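Read through the structure below, which is laid out as structure tokens, and then see the notes.
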Amino acid sequence: VTPEEGRGASDDPRRILAMGGGGFTMDERTPALDRFVLELTGKPVPKVCFLPTASGDPREQVTRFYERFGDWPCEPSILSLFHLGRDRIDPVEHLLAQEAIYVGGGSMRNMLAIWREHAIDDAMREAWSRGVVIAGLSAGAMCWFDGGISMSGGAPEAVRGLGLLEGSLTVHLDSEPERLHVYCAALLGGELPPGYGADDGAALLFAGSELSECVASRPGARVLRIEPDGAGGVVESELPVRLLPEADAAGGAAELSSSLDVSELRGLRMGRHRWD
Amino acid sequence: MTGLCRGFTLSAMRARPAQIVAFGGGGFSTEWGNTLLDDHVLALTGVDHPRVCFLPTASGDADHYVVRFYRAFAAGRCEPSHISLFRRETGVGDPRAHLLEQDLVYVGGGSLVSLLGTWRAHGIDEALREAWQAGVVLCGGSAGSLCWFTHAISAFHEGPPRRLDGLGFLPWSNAVHYEEEAGRRGAFEQAIADGMLPGFGAGDGTALHFVGSELLEVVSSRPNARAHFVCSEDHGGAVERELPVRYLGSPATAVHAGEAIAA
């Protein structure tokens, strides 16, 4: 599907932007992908809600969300399914009132299990069909497909998604290459249907159920179509990618932050940490 | 000789009763400085240097909560660990095996709904049942209390308190912060009058100690903490009975413990 063909399907209101990585949660310098999410709404001051469910609603992601979106013309909000007792938000009502929903990365298995308990999966399907722009990275990108490759259980493995989009997706092609091997094995074993792979900073835009175009926040970020070649292997074909305005001209890969919290916890596990 | 020792250990392990200690609120999560409930559950393991695993799932594995656990359960008096179900790639490799190796599993508070969904996605519900039946002491407060029961009244969401299903290890119902949260008591009594299982309303500072599925006693970290048993009446409605509570501190430390809570 070429970008030109994809745009023909634009009377379908449903939009999903599936990012292989990047954006504010990964501390990407350029705001290109995050800004693109707002642009897709076509609204001057869109309501945008961030869901950090897959990471357990950490404060750090909430802070980063407001740091990035707080100064832009939009109405940003957070939906934390771990803090409904504090926030007193009706989650389904809140989601359906948005113009864009941005889903963070983390444990895809946890996120989908928690969504199911709170009936968020049905709310997402409803929001999508009403034309709320759905965006997300990593677990928040793969979840819309039939399945993806998640590290939810420790080692990379195929995990079933919500199935709004046909096919499958694997993410972080460049920063976590071990996923691709497991993905190809899952395609060949019939666990996952054929699909796509995306680098950090690259994203697939779907209009309705069709791939409309691929975009990137830095030169060189790739999107691959990956499918079995019929002879026991897979064939990867690189799709055309449009560089977004504000893209990182230096072409630097998205930088994963290694926060103090994480290194502290690792220290704890190793029994090295002292508190006093 | 070796065979004899092994035989002795096995029979000793089999003798460990299934125990759950359900806090109405308290322990290191909310009573920093008052260690009575946490000391009590450590002692219940019957082990000098017990292995204690913290499950912070209901908080989304909040870093600050994990840090507080390691401060409260310092390595000097136990062997502390935790399982993060949001960061499986870096933590304990096999959560089930790890849970079965523990003397005490301590479940943190937060969202009961999110907790149960996440546990089921990783088979933690079944692993905990195995651990409980093998004599690993299970405890926790708030969501970490409600989760063990068949029915629970929770208000950790929008709207009024509502009835939720827990894991069902204990064939009763439960409400926490029973004395402190406005409307909790009424919601609990109404739900039981409407057909929810009879059960226990536990106030902050109380802990319900179950052996098997029967309540052994109620202990407390505060001199005036209260707990109630509520059941339905034949002709409709619910009846509430206050339970005897054993204060774990000595009378002389009562004032001191109260100050610690206030601070």
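The values are calculated or read from the model by the stated rules, or taken from the named source; none is laboratory data. Just so it is clear, the structure is predicted and the values come from calculations on it, not from any experiment. Quick reminder, even Gly has a Cβ in these numbers, built from the backbone with ideal geometry, and neighbours come from all protein chains shown.
On the basis of being within 14 Å of chain B (Cβ to nearest Cβ) and buried (at least 17 other Cβ atoms within 10 Å of the Cβ), does A:Glu99 make the cut?
Considered against the rule, which asks whether it is within 14 Å of chain B (Cβ to nearest Cβ) and buried (at least 17 other Cβ atoms within 10 Å of the Cβ), A:Glu99 comes out as no.
Of the residues B:Phe149, B:Phe156, only one is within 12 Å of chain A (Cβ to nearest Cβ) and surrounded by 22 or more Cβ atoms within 10 Å (Cβ to Cβ); which?
B:Phe156
Within the stretch B:35-65, restricting attention to residues that are of a type in the set (A, V, I, L, M, F, W, C) and assigned to a helix (DSSP H, G or I), which residue is surrounded by the most Cβ atoms within 10 Å (Cβ to Cβ)?
Per the criteria, the residue is B:Ala58.
Could you identify the single residue in B:Arg68, B:Arg77, B:Arg96 that is part of a loop (DSSP other than H, G, I, E, B), more than 8 Å from chain A (Cβ to nearest Cβ) and in contact (Cβ under 8 Å) with a residue 24 or more places away in the chain?
B:Arg77
If you take the residues of the stretch A:106-153 that are assigned to a strand (DSSP E or B) and hydrophobic (A, V, I, L, M, F, W, C), which of them is nearest to the other protein chains (Cβ to nearest Cβ)?
Here the residue is A:Ile149.
If only one of A:Val48, A:Val37 is among the β-branched types (Val, Ile, Thr) and either within 14 Å of chain B (Cβ to nearest Cβ) or not in a helix (DSSP H, G or I) (or both), which one is it?
Answer to the check: A:Val48.
Could you list all residues from the stretch B:128-143 that are touching a Leu at 6+ places or on another chain (Cβ under 8 Å), in a helix (DSSP H, G or I) and more than 14 Å from chain A (Cβ to nearest Cβ)?
Listed by number, the residues that qualify are B:Leu128, B:Arg129, B:Glu130, B:Ala131, B:Trp132.
Can you confirm whether the stretch B:102-112 contains a residue that is on the phi < 0 side of the Ramachandran plot, facing chain A (nearest Cβ under 7 Å), out of contact with any strand residue (DSSP E or B) (no Cβ under 9 Å at 6 or more places or on another chain) and at pLDDT below 95?
Within the stretch B:102-112, none of the residues are on the phi < 0 side of the Ramachandran plot, facing chain A (nearest Cβ under 7 Å), out of contact with any strand residue (DSSP E or B) (no Cβ under 9 Å at 6 or more places or on another chain) and at pLDDT below 95.
Considering only residues of the stretch B:88-115 that are crowded, with 20+ Cβ neighbours inside 10 Å and charged (D, E, K, R), which is nearest to A:Met108 (Cα to Cα)?
This residue is B:Arg88.
Restricting to the stretch A:162-179, what's the tally of residues that are of a type outside the set (A, V, I, L, M) and either in contact with a Ser or Thr (Cβ under 8 Å, 6 or more places away or on another chain) or more than 23 Å from A:Ala207 (Cα to Cα) (or both)?
Result for the stretch A:162-179: 8.
Would you confirm whether or not the stretch A:78-94 contains a residue that is more than 14 Å from every other protein chain (Cβ to nearest Cβ) and among the charged types (D, E, K, R)?
There is no residue in the stretch A:78-94 that is more than 14 Å from every other protein chain (Cβ to nearest Cβ) and among the charged types (D, E, K, R).
Scan the stretch B:181-192 and tell me whether some residue there is assigned to a strand (DSSP E or B), of a type in the set (Val, Ile, Thr) and at pLDDT 95 or above.
No.
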